[in-house]
Amino acid sequence: NNGTLTGYKGSVFYFTDNPKFTQNAYQFFPEGILYVQDGKVVEAGDYNKLRAKYPNAEIVDYTGKLITPGLMDSHVHYPQMEMVGSYGEQLVQWLGKYTIPTERKLADREYADKIANLYLDELIKHGTTSAAIFATISPNSTDALFEAALKRNMRVIGGSAYMDVNTPDYACLPPNEVYDFNKTLIDRWNGRGRTNYAISPRSAYLLSPAEMEATQALLKDYPDIHIQVHLAENKESGDMVTKLFPGLKNYTEVYDHYGLMTDKTIMGHCVWLDDAEFELIVARKSSCAFLPTSNLFLGSGLFNLQRANKHRATVGMGTDYAAGTTLSMLKTMGEAYKVTQLRKAFAEDPRSVEPLDPLENYYLTTLGAARAMSIDAYVGSFESGKEADFIVLDSTSTRDLSVRAEQSEDIRDLLFAFQIIGDDRSVAHTYIMGNKMK
Ligand code: GUN
Ligand code: ZN
């Protein structure tokens, strides 16, 4: 890859903006080519127009396949891999019964290394090239994650989730340790390779006012740092927040009151938000993560994308694995479509609910997620100069997809077919900074 100019020939597709709000928000070259050099995009476009401009490029032929930016997961818990599919509970009880005890195991560095490497290998297998990832209260789990990311040169955001109430003692971080705990990890990891640290106050129903204040103090010294939290995931956790912060109007205001809503804050779930809360998120330039398989698995609720769009909130798609049930962003898009379909069944006026357009869905999982994670300056599209994280999708990989894709009349419908019946087998190749990883 060093210095070599390589042209990846095939159908080339990427977004330049949100198709929900912008005309011609994508570029599609049915007979296209993506030129890459030194890990960066040189140019993407029509093969017959560009071939003379780059006569010396080495050609990799993916004719018949679809080349798009890598998929992105804007909210995920890598330490929970071994407990995916834990039966029978909703959020608060699920967290107490299964999640916190499982996360404790990652205090063992060897075990954390094993899970972190497995997790990132699975991401690559599923065509996910970037993610915003929660680690556990043990710094060993954070170190394991970042070391595994550096080894693969992946652009990931990660941080150690902390809390101090409604949690067993062994999983708590006392407020007076919040500052030094995070400072150590930020100084160790933020900006190394392609990684960024994210301060991760787990969820307001798990943090005391003192823990919130300590986080606010930390942010004064790191105003530019990424932040990731959970917000309004289900009703019960919302009621707990009201009890913990009786003076504040709603769940969203709690984060705002302590200065945690910046233009680098990703707020996971956002299921139970009213108009004023979406307005506040937009005013602060924070973003929402739409986590359909998790919300369905835990029975948390149905994210209201239409309301988010009404306020032009920045939304990124995510798995929330292992409350979420798949690492596949293709499958996740399929479940997001079903969530919007279900909203119609429960709507007062079903005609007011629109289906989730396959183009918008794919945007939310590529450029939209990159914007939600504040990494769109580097990844998420094939603009010249961006980092060459891309995937090659193959609609002939499975017989059901193959027979369906043959009937597709356009790129929009082909993307829908990938979303509804695609999976990791549909991802023929995954490239990280121009390096073939799958
Ligand atoms: N809220 C606080 N922690 C978690 C978590 O690990 N998963 C989910 N789904 N919600 C949470
Ligand atoms: Zn989560």
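When the range 357-373 is examined, which residues are found to be closer than 18 Å to Ile67 by Cα and charged (D, E, K, R)?
The one that is closer than 18 Å to Ile67 by Cα and charged (D, E, K, R): Glu360.
Hey, could you check the range 180-221 for residues that are within 30 Å of Pro246 (Cβ to Cβ), hydrophobic (A, V, I, L, M, F, W, C) and more than 16 Å from ligand 2 (Cβ to nearest atom) and say which is surrounded by the most Cβ atoms within 10 Å (Cβ to Cβ)?
Ala214
Considering Asp113, Asp61, Asp108, which residue is in contact (Cβ under 8 Å) with a residue 40 or more places away in the chain and either surrounded by fewer than 20 Cβ atoms within 10 Å (Cβ to Cβ) or among the β-branched types (Val, Ile, Thr) (or both)?
Answer to the check: Asp61.
Output the residue which, of all residues in the range 261-276 that are away from ligand 1 (no atom under 15 Å from the Cβ) and either assigned to a loop (DSSP other than H, G, I, E, B) or aliphatic (A, V, I, L, M) (or both), is nearest to Ala131 (Cα to Cα).
Per the criteria, the residue is Lys264.
Hey, can you tell me all the residues within the range 295-308 that are buried (at least 24 other Cβ atoms within 10 Å of the Cβ) and without any contact (Cβ under 8 Å) to a residue 40 or more places away in the chain?
If the condition is that a residue be buried (at least 24 other Cβ atoms within 10 Å of the Cβ) and without any contact (Cβ under 8 Å) to a residue 40 or more places away in the chain, then Phe303 is the only one that fits.
Among all residue pairs at least 6 apart or on different chains, which show Cβ distances below 8 Å where the first residue, located in the range 316-336, is at positive phi and the second is within 16 Å of ligand 2 (Cβ to nearest atom) and in a loop (DSSP other than H, G, I, E, B)?
Asp320/Leu291
Which residue is surrounded by the most Cβ atoms within 10 Å (Cβ to Cβ), if the candidates are limited to the range 224-260 and must be out of contact with any strand residue (DSSP E or B) (no Cβ under 9 Å at 6 or more places or on another chain) and among the polar types (S, T, N, Q)?
Applying the filter and picking the extreme gives Asn250.
Table: residues versus (1) among the acidic types (Asp, Glu); (2) crowded, with 22+ Cβ neighbours inside 10 Å.
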site: Lys310; (1), (2): no, no
site: Val315; (1), (2): no, yes
site: Thr326; (1), (2): no, no
site: Gln341; (1), (2): no, no
site: Glu354; (1), (2): yes, no
site: Ala369; (1), (2): no, yes
site: Phe382; (1), (2): no, yes
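Just give me the residues in the range 84-121 being under 15 Å from Arg155 (Cα atoms) and in contact with an Asp or Glu (Cβ under 8 Å, 6 or more places away or on another chain), in sequence order.
Ala116
Check off (1) under 16 Å from Ser381 (Cα atoms); (2) crowded, with 18+ Cβ neighbours inside 10 Å for Lys40 and give me the number that stays unchecked.
The single condition Lys40 does not satisfy is (2).
Going through Asn140, Asn153, Asn176, Asn117 one at a time, which residue ends up being over 20 Å from Arg192 (Cα atoms) and of a type outside the set (Ser, Thr, Tyr)?
Asn176
Kindly check whether there is at least one residue in the range 43-58 that is outside any helix (DSSP H, G or I), surrounded by 16 or more Cβ atoms within 10 Å (Cβ to Cβ) and in contact (Cβ under 8 Å) with a residue 60 or more places away in the chain.
yes
Could you check the range 308-333 and list, in sequence order, the residues that are away from ligand 2 (no atom under 16 Å from the Cβ) and among the β-branched types (Val, Ile, Thr)?
Thr314, the sole residue that qualifies.
Bear in mind these aren't lab numbers, they're just calculated from the coordinates by the rules spelled out. Because the structure is predicted, anything quoted here is derived from the model rather than measured. Glycine also receives a Cβ, built like all others from the backbone with ideal geometry; neighbour counts cover every protein chain displayed.
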